[in-house]
Structures are given as structure tokens and as C-alpha cells.
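What follows draws every value from the coordinates through simple rules; no lab data is involved. Values in this document were obtained by computation on a predicted structure and should not be read as measured data. All Cβ positions, glycine included, derive from the backbone under ideal geometry; neighbour counts span all protein chains shown.
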Ligand code: GMT
């Protein structure tokens, strides 16, 4: 394929959408495309030095006349500059609002024609449940993009139902970097964390927002550890942190629950685990499930959003009705006490992650989309 100049805008801080955008940029750069990140800070996963990856900072000055800093306008201005100066072919934005809207404005300002590809990650659509004030804006972003993708079939369906849009939306699933996420021996690290050989380890990773239902994780763990020597690793941070901490203390679980905060080397931590729990209320895909599965960690999660497109129920993990902590605990105990079954689920998880979501395949899908919009 012809080498392209591709602009990428995402939220550069922690979060699945930022991870996907950055990993995609790195993979595309390795295939020879020029990648221009247009973001407010260096994306946290942009840790490899590549000669054809560029970072254009959206710099916010102090604007005394404005009550609120005009981030979206400054971003649109920066995008227009980069489109012209770097001669971009494609601008791939992650999130309809504000990034696709900024891209549409930048395209109108820039002298050069550029194609806009917008990826929906879920929160831009589910936010509508809270704030209908952005409805027309999101519809405009979808209709005016040259191509829209969503990270699961479920998100496409939800977008259609909530917004009544009929324009095509392609499903392009999330992916992981197979070089980072694979099974590794971490016996020594387990020891460093005070985990005994005979103990089972359950892991949960999220931004501790209400929708993640971390309290369900704690409840499931409290049932499991009554029957099995086990530890719970809670990775991440967010608004529910203090309530979860209190819950853990009130249940007397503090010796067995490790709050690890935000972590960069998640692959090593995942490899310490025997099981992942993700009991979210909403989840358009659940990138952490894929990260866990690629490391051979079976997952139990709620049957919502795109989760059943990732976990194959009773084959490589389990899905349950939202909030069914008793069933989650029963599935967890079933898996953690049956070595043969666990091994089988673990192998199936690795296999499914590689078969259905391999980065080579997903990156090629995005390249085909760029080709299509440029045709
Ligand atoms: O889950 C979050 O709160 C973060 C959010 C984001 O924008 O990074 O995650 C969304 O995008 C991820 C990458 O596509 C998906 O794997 C997550 O399922 C999705 N989160 C929700 O739908 C709640």
C-alpha cells in the first residue's frame, strides 16, 4: 500500500481509547506510514522512538477573556496547521465529540483536502444517556466523517438506536500488542508482592468510575476468599477509590486486597493473575479483557455491551447478568478449583485473542479504510 501521512488525535492520558490510538499509530509507523499525533500531551504509551512518528502539542495558553479554556478551538486550529504543513492524507480521530467535530472544523479551515476517519469508543455515545445537549453535535460528527468505525457490533447497534443515524459504521475491534501481552513466568514478581504459591490471584483493572462496579469485584472476591486462599489485585484509580477502600476495610479484607494504583507494566501484573473480573454496567469492548486473555488469564464479566463479543461464554471465560455476584463467585470458584478446566480456558483465551483480534489483522483493516476514503 502507498505510504500515507496520517494525523491521529485521541485523549493522551490513561484509557482504552488512548491506548488503541497510540498502539495503532506505532504499528502504522512500523509499516512505513508517517504518523502525526495531535494531542494535548505525549500519549502515555508513545514510549518507542520511531523516526516517522511526530508529536504536535495542542498548547493551551492562558486566555484571560474566556471563562473556560477553548481547548476544542485550539485543537481544531492545530489540526488545520498540521493538515497543511505536513500534507496529511487522513486525520483519524478517536471520539466523535470533541475530536471529530474539531477535525470537521479543521478540514473547513485547512487549504488541503483531508479525509476524516472517526472511531467511536463508547463513552461518546453512552454520555447521551446523561447529557442530551450533545446529541446534534454527535450526529453531525458521524454524518460528516468520511468513515466511522466502532469497536464492537454492540456499539454500532447502540449508536443507531440512540441517535437514529443511518450512515454506515464499520466494526473494527480493539487489539493488543502481542509483543507485550503474552504468557510469561512471573513467579519472582508474585513473591515480591507477598503472594504465596498456593494462593489464587484475581485481578481487576479500571478507572474506578461508577460504571465499572468495582464494589461487585470486592463482593465476588469476599465470597471466593472464604473458600480459597486468594489475593485480589486492584489496578487503577478514579472517583470510586475511597468508597472501595472503605468497603474492603469494612469487610476485613485489607490483608488480601492489594491496591496497586495506576500502573504502566500491566502485562507483568496480569501474568500474576489466575482470573480477571470486569462486572461493568457499560463496556463497548473491554480492552482489559483482551489484554488478560492474551496473557492466558480467563475472564468473568457482565453480559453487557461488546463484552460477549470478546469472551466466549463457557469456552474461555464466563459472562453473567449484570450484578449477579453470586453467579460470578460460583463461576470463579468452579474455575479456580479445577486445574484442568482452568488450563483449558486459559489456552482457549490465548487462542481466541490471537485468532479474532490479532493486531496484524486489525491494523490492516484500518489501512483498508484509509485506502477506501482516499479512493
Ligand atoms: O472505559 C472507560 O471508561 C474508558 C474508555 C476510553 O475512552 O478509553 O473506554 C472505552 O473505549 C475502550 C477502547 O475502545 C473500550 O475497550 C472500553 O470498553 C470503552 N469503555 C466503555 O464503553 C465504558
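For this structure, a couple of remarks:
- In degrees, nearest ten, helix 16-30 long axis to first principal axis of the chain (Cα): 60 degrees
- Inter-centroid distance (Cα atoms) of region 53-103 relative to region 118-196, Å: 21 Å
- Fraction of C-alpha pairs exceeding 22 angstrom in region 211-350: 32 percent, rounded to a whole number.
- Prolate/oblate/rounded label for region 162-244 (Cα gyration tensor, a/c 1.5): oblate
- Residue exposure sequence - 48, 184, 126, 22 - by fewest surrounding Cβ within 10 Å: 48, 184, 126, 22
- Cα-based Kirkwood hydrodynamic radius, the chain, one decimal, Å: 21.6 Å
- Using a Förster distance of 41 Å, the FRET efficiency for residue 113-residue 184 (Cβ separation, nearest 0.05): 0.30
- Separation between Cα centres of region 242-318 and region 327-375, rounded to whole Å: 14 Å
- Our helix-only sum for the chain, with -39,500 (n - 2.57) per DSSP H run of n ≥ 4 divided by its residues, gives a mean residue ellipticity at 222 nm of -12500 deg cm²/dmol.
- Rounded to the nearest 10 degrees, the angle from helix 241-250 to the longest Cα principal axis of the chain is 10 degrees.
- Order by protection proxy (mean Cβ within 10 Å, highest first), peptides 290-297, 217-224: 290-297, 217-224
- Projected area averaged over orientations for region 283-351, convex hull of C-alpha atoms, nm²: 4.0 nm²
- Relative frequency of Cα-Cα separations exceeding 12 Å in region 331-375, percent: 69 percent
- Kirkwood Rh in Å, taken over all unlike Cα pairs in region 166-208: 14.6 Å
- Crossing angle, helix 153-163 versus the chain [Cα axis fit, 0-90 degrees, rounded to tens]: 60 degrees
- Tail fraction, Cα-Cα pairs, region 226-268, threshold 18 Å, whole percent: 32 percent
- The chain, relative contact order in percent, only Cα pairs under 8 angstrom and at least six apart counted: 13 percent
- Region 64-208: projected area of the alpha-carbon convex hull, averaged over directions, in nm²: 14.1 nm²
- Computed from the Cα positions only, the extents of region 1-156 along the three principal axes stand at 44, 42, 30 Å, in decreasing order.
- The slack in the chain from residue 52 to residue 260, taken as 0.36 nm per residue of separation less the alpha-carbon distance, amounts to 71.4 nm.
- Stretching the chain fully between residue 322 and residue 249 yields a gain of 23.8 nm (0.36 nm per residue, less the alpha carbon separation).
- On the principal axes of its alpha-carbon atoms, region 122-185 has extents of 50, 26, 16 Å, going from largest to smallest.
- Hull shadow area, averaged, region 125-270 [alpha-carbon convex hull, nm²]: 11.6 nm²
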